[in-house]
Every structure is written in structure tokens, then in C-alpha cells.
Amino acid sequence: MAVASGLFAPEEASFVAEMMAEYFGGAADGGHRCLVDDTDGVQAVAYCQPKPAADRVWDLTMIAVRREHQGRGLGTALLRHVEDGLRREGQRLLLVDTSGTAQFDRTRSFYLGCGYDQEARVRDYWTDGDDLLIFRKALA
């Protein structure tokens, strides 16, 4: 899905395989969540996990929609489902890390459109010239 969404090249997406191996290897027991829209094959996926050492703070590690299905509200609906589930459980915050490069302009617009605030920037985090941007949404 990370590749099918158009955001990552195949050689950049190994983190997804590692994340899913961890999830199916027991991380789900630690609160990690994986939501999949598989209405007609896998069209979208979201993965979130609790932030260690923080009070009821979660990280949206990945949300991806196949490129041909983007712009139809699928990602927004999936994100709302994640937020609603965490809210029902009394969680406080949902954080999202993303890139500051032009390739992620639509991604950042998506989070802003879903009510997230850009909370922080860490320069040259991912690599030289690629900043980490942290988005935040209060769930309470």
C-alpha cells in the first residue's frame, strides 16, 4: 500500500514489511492497530500505535490509499474511524510524522484538512534537506 499510494518507491517501503511483521508477531497485543478497507481488494490501510512513555498519546504510523482511489474520501473516512476508536477509549492525542518535501504536499494538506495542526518541525530529520513535520490532533 505504501508503494500503491504513490508516496514511496519499492526500495523505500521496507519499513512497512517490518511494521506488519511486528504487528502479526504480537504488537497487536500491545495496543497496535491495523485497519484495512478491503471492500474490493485492499484499497486503504491505517496503522497506529501508542507512544511509549506518554499518557494516552498515539502515533499514526501510516495511512495509505491506492492512488486510483485517492480523492474519494476513503482516507478521511479511515482516519475518522481511527480517531473515533481512540476517542471512545479515552485516548488524548494522535500525532503524525511526515516529510517536509514537495512530494508530501498533498499529504500535509490532507492532515490540515482533517483538523490537524502542524505542531513542530525538525530540520534535516529524514535526511539532509528533508524535514520532519509533526501534526497533532487532540481527541478529547
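The values are calculated or read from the model by the stated rules, or taken from the named source; none is laboratory data. All values reported here derive from a predicted model rather than from experimental measurement. The accessibility values were calculated without ligands, DNA or RNA, using every heavy atom of the protein model including side chains. Shrake-Rupley method; radii C 1.70, N 1.55, O 1.52, S 1.80 Å.
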Length gained if Arg123 through Asp84 is fully extended, taking 0.36 nm per residue and subtracting the Cα-Cα distance, is 10.9 nm
Computed over segment 56-140, protein heavy atoms only, probe 1.4 angstrom, the accessible area per residue in square angstrom equals 55 Å²
Extension length gain for Ser109 and Leu132 (0.36 nm per residue less Cα distance), in nm, is 6.8 nm
For segment 80-124, the accessible surface attributable to carbon and sulfur atoms (probe 1.4 angstrom, ligands and nucleic acids excluded) amounts in percent to 44 percent
